[in-house]
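What follows is a short report on a single structure.
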Amino acid sequence: MKRVVITGAGAISPLGHDWASVRTRLEARRNAVCVYPEWGQYKGLNTRMGVPCEPFELPAHYNRKTTRSMGRVALMAVRASEMALEDAGLLGSPLLGSGQLGISYGSSAGTPASMSDFGRMELEKTTDTINATTYIKMMAHTAPVNIGVFFGITGRVITTSSACTSGSQGVGYAYEAIKSGRQIAMLAGGSEELDATDAAVFDVLFATSCSNDTPEATPRPFDAKRDGLVIGEGACTLVLEELEHAKARGARILAEVVGYGTNSDGQHVTQPNAATMAQAMRLALDDAGLPPEAIGYVAAHGTATEHGDIAESHATEAVFGKRMPISALKSYTGHTLGACGSLESWIAVQMMRDGWFHPTINLVDVDPRCGELDYVTGEGRRIDTEYVVNNNFAFGGINTSLVFRRWA
């Protein structure tokens, strides 16, 4: 089996688009939640909050011809991938068109506006609302396909459209493709664009925060007074590469991917199951050949929903015990859906490299129904650890766990 390392990263996020900017925002302990009064036009939609990405500029080669098949979800994915390739020193490399570099990437869905265009076709009984690229922008694999076309990538494409585990499965399946020798390198990750329809998905389940007058105080993962999640957006691409190939070309290595576990609850499409969540973590540890005691920090999924927080925290305690430091990035960024798995993995790796881990902001009183863990609050925590874990869980009962090793 091959060893797999991360040699590049690119992100479009609510906290900034490089690690220095993101860490500054994390240390400031302020979320990026915004109020959208215009969402009030949707009858029955209770939340008015979302978390947009920081503005980002596109180079001149992002023109009408090269972006005509992209909605925002694909555009962010392509730009994040370009940044990741540049970071890895692979932008323009012959490797991209060699068939030895592939893509493992996903989003919950395509661009919502394009879906609406097909809906208007049904309502108005006319195809005037659609054109040659409407479906390309809407399809579940719009992000990886547009990445492939934009950069001329001819390796395998793995589409991970699995809601909140799209990004983490993107990383996990890329890792497996390289580990098994099927590919030398992979672009891995996920993306999502902010839209009222995404908020509505959770709003009808009474799972969104409605603290519309105090956006700075929500979401509140694991807190006794939390009232639900806030939807965000973003994209994050990691360049995964076979270790010997990376060393041969003198690549800078950010971290090693050493374990991946994924499974499904097999019980309910929206109610999480702590037992199978815990099993996904154990699968990742087994893959890494590590005992639970080797892990120094867990990046929580931490949606700030009642059932999710309780099940996840008990699962984490069952595997790692009460001593485990844990915090939730979603307290800053909201739930970035398809992007969260890769975005949270990247930030966990960067924190491991720095030895500083962000707190869960707005966590004042831990819900007594949650598992007993070392919830990181306040100014964050200095932790010297060789291994970190990132966990994500999705509708449909899909569970993922990734283990990363610090590179000396």
| request: Please verify whether the range 353-365 includes one or more residues that are closer than 30 Å to Ile103 by Cβ, open to solvent by 10 Å² or more (accessible area, probe 1.4 Å) and out of contact with any Gly (no Cβ under 8 Å at 6 or more places or on another chain). | output: yes
| Residue check, Ala246 part of a helix (DSSP H, G or I), over 24 Å from Gly396 (Cα atoms) and not polar (S, T, N, Q) | yes
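Within the range 386-395, how many residues turn out to be open to solvent by 10 Å² or more (accessible area, probe 1.4 Å) and either more than 17 Å from the chain's Cα centre (by Cα) or modelled with pLDDT of 95 or more (or both)? Show your work before the answer.
Pass one, the range 386-395, residues open to solvent by 10 Å² or more (accessible area, probe 1.4 Å): 386-387, 393-395.
Add one more test, that the residue is either more than 17 Å from the chain's Cα centre (by Cα) or modelled with pLDDT of 95 or more (or both), and what stays is 386-387, 393-394.
Here the count works out to 4.
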| What do you reckon, is Ile383 modelled with pLDDT of 95 or more and either open to solvent by less than 10 Å² (accessible area, probe 1.4 Å) or polar (S, T, N, Q) (or both)? | no
| query | Restricting to strands (runs of 3 or more DSSP E) lying wholly in the range 253-344: which have 1 or more residues that are open to solvent by 30 Å² or more (accessible area, probe 1.4 Å)? | reply | 255-264
| said: Going by what's in this entry, would Met139 be described as among the aliphatic types (A, V, I, L, M) and free of Cβ contacts under 8 Å to residues at least 40 places away in the same chain? | reply: yes
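Residues in the range 216-235: is at least one aromatic (Phe, Trp, Tyr), out of contact with any Asp or Glu (no Cβ under 9 Å at 6 or more places or on another chain) and assigned to a loop (DSSP other than H, G, I, E, B)?
Applying the first criterion (aromatic (Phe, Trp, Tyr)) to the range 216-235 yields 222.
Remaining after also requiring out of contact with any Asp or Glu (no Cβ under 9 Å at 6 or more places or on another chain): none.
Among the residues of the range 216-235, not one is aromatic (Phe, Trp, Tyr), out of contact with any Asp or Glu (no Cβ under 9 Å at 6 or more places or on another chain) and assigned to a loop (DSSP other than H, G, I, E, B), which makes the answer no.
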| Gly189 of a type outside the set (Phe, Trp, Tyr), at positive phi and in contact with a Leu (Cβ under 6 Å, 6 or more places away or on another chain) | yes
| field | Single residue of the range 99-129 satisfying the filter (in a loop (DSSP other than H, G, I, E, B) and over 27 Å from Ala339 (Cα atoms)) that is most open to solvent (accessible area, probe 1.4 Å) | value | Lys125
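The values are calculated or read from the model by the stated rules, or taken from the named source; none is laboratory data. The structure presented is a predicted model; accordingly, all values stated were derived computationally and were not measured. Quick reminder, even Gly has a Cβ in these numbers, built from the backbone with ideal geometry, and neighbours come from all protein chains shown. Side chains are part of the model used for accessible areas, which takes the heavy atoms of the whole protein and leaves out ligands, DNA and RNA. Shrake-Rupley method; radii C 1.70, N 1.55, O 1.52, S 1.80 Å.
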